[in-house]
Amino acid sequence: MLGIYKPGTDYGTPERVSDKQVSLIIDDTEVSVPEGTSVMRAAEIAGISVPRLCATDSLEPFGSCRLCAVEIEGRRGTPASCTTPAEDGMRVTTQNGKLAKLRRNIMELYISDHPLDCLTCPSNGNCELQDMAGAVGLREVRYGFDGENHLAAEKDSSNPYFTFDPSKCIVCSRCVRACEEVQGTFALTIEGRGFGSKVSAGVSGENFLESDCVSCGACVQACPTATLIENEVIKHGQPDRAVVTTCAYCGVGCSFRAELKGDTVVRMVPDKNGQANHGHSCVKGRFAFGYATHPDRVTEPMIRDSIHEPWKRVSWDEAFSFAAARLKEIQAKYGRNSIGGITSSRCTNEETYLVQKMIRAAFGNNNTDTCARVCHSPTGYGLKTTLGESAGTQTFDSVFKADTILVIGANPTDAHPVFGSALRRRLRQGAKLIVADPRSIDLLNTPHLGEHYHLQLRPGSNVALINSLAHAVLSEGLEDQDFIGKRTENYQQWREFILDPVNSPEQLEAVTGVSADLVRRAARAYAGVPNGAIYYGLGVTEHSQGSTTVMGIANLALATGNIGREGVGVNPLRGQNNVQGSCDMGSFPHELPGYQHVADDSVRSAFEKVWKVKLDHEPGLRIPNMFDAAVHGEFRGLYVQGEDIAHSDPNTQHVQAALGAMECLIVQDIFLNETAKFAHVFLPGTTFLEKDGTFTNAERRINRVRKAIAPLPGLQDWEVTQRLSSALGYEMNYRHPSEIMDEIAALTPTFSNVSYELLEEKGSIQWPCNEAHPAGSPIMHVDDFPIGKAHFALTPFVPTEERANRRFPLLLTTGRILSQYNVGAQTRRTANQVWHDEDVLEIHPHDAEERGIKDGDWLGISSRAGDTVLRARVAERMQPGVVYTTFHHPFSGANVVTTDNSDWATNCPEYKVTAVQVQKVTSLSDWQRDHHVFSQRQQAFLDAAMGDEPVARR
Amino acid sequence: MQKESHTNLVKMVNQIAGNVFFKDNHDEAIDKVATHMRKFWAPSMRDELFEYEARDGHGLSDIAREAVRKLRRDS
Ligand code: SF4
Ligand code: SF4
Ligand code: SF4
Ligand code: FES
């Protein structure tokens, strides 16, 4: 139908992989398919579409609608083609008079219980029921519509993003199966039997919002009718074009079709061909894109002399020359090293590369860092030291070959939801699970979970736990001697270290709080299977010994030979969309792109040749060092792209003091964020929908980001940096991000084969992609390590200085939840607020009772760094002595409380351990009151600049 | 009260020393701490610590102090 965009072929049932092929004849066409393939799929491959309603290729076949009936020579009746496997020599007929009549009768029954409002239905033109009625040639319904039917059933519009209209339901159960098989949440059931059966969310009487539903949208995507449908489609109608791009939220890097009607994004549909997500997504990527056109968007450049003055809207040229002049003045006054910049893990590789290039070439120093400093810098250090490369070793799909999965300090169902769903699927298939976490995470509630262990350690004892696991492996002879002998070095020294009784589970029990017996059983579960895989997150890195734990994890994998093939490996789950990429692109002050040290003369000279400028051979300042230098008066100018350090970084009051000391703070962002309230220059940024580029996900997969709508401020972020650089006197003249990627490839040995052409051809590429691996490297370290042999690093446990005492008896740990993303700048500006509109403090009932705290009470939380006030949630999933909160809302001030303790090797902040006291209070903290006044004033400065004009254009 | 500018640096270098020291690898640990500072610290941070170590040095652990001295000698 004209004007309706239709996605690719639906093969009806999922792909099967087999070494054996079978050949069959379908309506005179011969076709050969892997054994186990359904007749329906074989037919589709042969170009013959069999009518269907309950089958779709993202779900296992179910065989309920019978519309797909076929005839098979030598068999009685009309078997369902979706549930019948193709066999060698089969002869199948998909079309004849008898089948046509059968299908028409079935359709007639469906349609007689279906409202005939096709012309006004939001699915009109994109409805499988409508298509099938056409396909089977249904012209009239003999039963009439007066009999018993469901046409008056009430709509459920409790979910902010989709509506459930049961009057249109054909009870095909696709939604129920999507929720189970694809998402793994099991929120939906078919209630009742026969004619009375209906889809129900949660237990009887609950609506979607009250149920366990996590709003992933898999059911909406699977629904063949308008029963489950996006509200935006109801509002705007069916989309008419699509652009394939990559989600800008988490490190899973899901591929999406941004489906548009004109210039309006109607919906985001996860792409079936997406190599990271295979057609699945979470609530953020699929639904929470409305921030892109939120009225809070600032789309014009602004400047001001002082942060105590209103903003002034100016032209791009004026903004660039103002910023450049200020930066130059500062350098003239305080020296070349008195300015720096921060790249963003949310921006594209090309944008990040340009920012660090501008700093090194135009600022003339190496004062570049990235927000990965505060999340995964220990991964870079730890994995480079042990395995020789600062990256995870696997693909996401590798999890499907893992026999035991060890998850340390990560909460995948909330923070990496699509990978969380894959993990749950593997757990349902029987893999064993070990979770090392102070909290009971949702993964432990996986329906149909088998053998599992929860090592509920005390915050701050990761290294002790990892060492005791390694001790158990070695003392029980579970190591892989062959692998160790061939592929590693420094084993003897490490072995001696680990086998020292101080590292035994029995001795460390007192430190970790995990029983020695449980540690030993978990060690056997990990080391005693063919494939053990480790996944870890910020619960590992954000500690004073973050880097040590990463090395300990690598040691454990090396000792058990769990590196270099599918099903095993060391997998850092990256927080933001482009954490991997921002690290790869040379954001760190000591490394040029590709993790090449600035002190290496040959590396530097290669860059100097292409960049035509002399480069500094000494490392620059890291973010916390910049703040310290600012407070002490040596650092005066900062360019921040797409990051909100005033909100996300620890010890907020220290950060605010540093930002307040700036003589020129340039913020490039889509909103006037917390940091921008301290800025002198605001350069409007663009969302992922408005630009071209690439993101690199947690599996080193480089995915294309494609422009779907025009950039609201007129320039894409890479163009802004390029013009600022030129204003500073260092000319940049790229015409397209692909040219930037060509330069990256020329200077980065692990990227040398990467190009936009290759990305177009392959869909995505996992680096290293070079002469040795021309098509990329799904699994790393298969034959050797970049450093030849992997290195066992010694990992002595050094307790953090941040300890609980009488004054601060509880340990605070911080984290994330599913519906919000990082500082919340995007998700707070969407309907995701329904699920989490404020940060709360979770506290164990025991600690709550001791302090007379009830759910909903206002709590004052104080640490050595500062105080804030949050509402209480009494929660069993905490252990006594540990409290937890999120930092998605700026006003909560979670980071006012966190300290500036950090990882010994990388200065990654210790967000996961802060000693605190908690007590009931009746008023806000001083910081909250001051912050409120400050924010209101800054908002007034913005409003003054805007006058009456609406800010966002759409 | 504003912390003095070397306070954090002393804390950082002590932390590095504490993490690379193991049993009797005293000399190796000094080397590792010095190398770490050379590889990852900006020169201004090193200079400040050199100056502090020469002036006062209070609060530096033995290995940290030795490493600072070694780095100054070598640079
Ligand atoms: S809601 Fe949609 S997918 Fe679910 S049973 Fe009804 S028609 Fe099928
Ligand atoms: S949105 Fe996702 S979690 Fe919710 S019912 Fe549908 S499939 Fe299940
Ligand atoms: S899992 Fe991550 S990448 Fe995928 S849709 Fe959700 S937020 Fe986006
Ligand atoms: S499509 Fe085969 S029974 Fe429904």
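A few notes on this one:
- Strands (runs of 3 or more DSSP E) contained entirely in the stretch A:349-451, each with at least 3 residues that are outside the structural domain of residue A:583 (by TED's automatic domain parsing): A:404-408, A:432-436
- Lone qualifier among A:688, A:678, A:695 - being open to solvent by 10 Å² or more (accessible area, probe 1.4 Å) and in contact with a Cys (Cβ under 9 Å, 6 or more places away or on another chain): A:688
- Residue match in the stretch A:337-352 (condition: in contact (Cβ under 8 Å) with a residue 60 or more places away in the chain, aliphatic (A, V, I, L, M), crowded, with 18+ Cβ neighbours inside 10 Å and within 26 Å of residue A:941 (Cα to Cα)): yes
- Residue check, residue A:650 surrounded by 20 or more Cβ atoms within 10 Å (Cβ to Cβ), within 14 Å of chain B (Cβ to nearest Cβ) and modelled with pLDDT under 90: yes
- Residue within the stretch A:173-186 that is open to solvent by less than 30 Å² (accessible area, probe 1.4 Å), modelled with pLDDT of 90 or more, touching an Asp or Glu at 6+ places or on another chain (Cβ under 8 Å) and away from ligand 1 (no atom under 14 Å from the Cβ) present: yes
- Any hit, the stretch A:739-755, residues being closer than 25 Å to residue A:416 by Cβ and open to solvent by less than 20 Å² (accessible area, probe 1.4 Å): yes
- The helices (runs of 4 or more DSSP H) located wholly in the stretch A:696-796 that include 3 or more residues which are in contact with an Asp or Glu (Cβ under 9 Å, 6 or more places away or on another chain) occupy A:717-727, A:737-747.
- Residue within the stretch A:864-878 that is within 14 Å of another protein chain (Cβ to nearest Cβ) and open to solvent by 20 Å² or more (accessible area, probe 1.4 Å) present: yes
- Failed item in (1) surrounded by 20 or more Cβ atoms within 10 Å (Cβ to Cβ); (2) part of a strand (DSSP E or B); (3) of a type outside the set (Lys, Arg), with residue A:860 passing the rest: (1)
- Taking the numbered list (1) more than 13 Å from chain B (Cβ to nearest Cβ); (2) in contact with a helix residue (DSSP H, G or I) (Cβ under 6 Å, 6 or more places away or on another chain); (3) open to solvent by 20 Å² or more (accessible area, probe 1.4 Å) in turn, residue A:609 passes all entries but (2).
- Subset of the stretch A:217-228 that is within 16 Å of ligand 4 (Cβ to nearest atom) and either outside any loop (DSSP other than H, G, I, E, B) or hydrophobic (A, V, I, L, M, F, W, C) (or both) - its residue that is surrounded by the fewest Cβ atoms within 10 Å (Cβ to Cβ): A:222
- Residue within the stretch A:757-778 that is in contact (Cβ under 8 Å) with a residue 60 or more places away in the chain, buried (at least 24 other Cβ atoms within 10 Å of the Cβ) and more than 27 Å from the chain's Cα centre (by Cα) present: no
- Exclusive hit being open to solvent by 10 Å² or more (accessible area, probe 1.4 Å), touching a residue at least 12 places away in the same chain (Cβ under 8 Å) and not polar (S, T, N, Q), set A:627, A:635: A:627
- For the stretch A:246-258, the criterion of a residue being at positive phi and among the small types (Gly, Ala, Ser) is satisfied by at least one position.
- Residue match in the stretch A:631-639 (condition: more than 23 Å from residue A:371 (Cα to Cα) and within 14 Å of chain B (Cβ to nearest Cβ)): no
- Meets criteria (assigned to a strand (DSSP E or B) and either open to solvent by less than 20 Å² (accessible area, probe 1.4 Å) or away from ligand 2 (no atom under 16 Å from the Cβ) (or both)) for residue A:258: yes
- Selected residue (only one of A:265, A:203, A:214 is assigned to a strand (DSSP E or B) and open to solvent by 10 Å² or more (accessible area, probe 1.4 Å)): A:265
- Verdict on residue A:67 being within 11 Å of ligand 4 (Cβ to nearest atom), touching a residue at least 12 places away in the same chain (Cβ under 8 Å) and surrounded by 17 or more Cβ atoms within 10 Å (Cβ to Cβ): yes
- Residues of the stretch A:187-200 classified as in a loop (DSSP other than H, G, I, E, B) and either among the acidic types (Asp, Glu) or open to solvent by 30 Å² or more (accessible area, probe 1.4 Å) (or both), total: 2
- If the condition is being out of contact with any Asp or Glu (no Cβ under 8 Å at 6 or more places or on another chain) and away from chain B (no Cβ under 14 Å), then the stretch A:371-388 contributes A:372, A:376, A:379, A:386, A:387, A:388.
- Among the residues of the stretch B:16-75, those that are part of a helix (DSSP H, G or I), more than 20 Å from residue A:547 (Cα to Cα) and touching a Lys or Arg at 6+ places or on another chain (Cβ under 7 Å) comprise B:50, B:53, B:71.
- Just one of (1) within 19 Å of residue A:290 (Cα to Cα); (2) open to solvent by 30 Å² or more (accessible area, probe 1.4 Å); (3) in a loop (DSSP other than H, G, I, E, B) fails for residue A:807. It is (1).
The values are calculated or read from the model by the stated rules, or taken from the named source; none is laboratory data. Being a predicted model, the structure only gives us computed values, none of them experimental. Cβ atoms come from the backbone with ideal geometry, glycine included; neighbour counts cover every protein chain shown. Areas reflect the complete protein model, heavy atoms only, side chains present, ligands, DNA and RNA absent. Shrake-Rupley method; radii C 1.70, N 1.55, O 1.52, S 1.80 Å.
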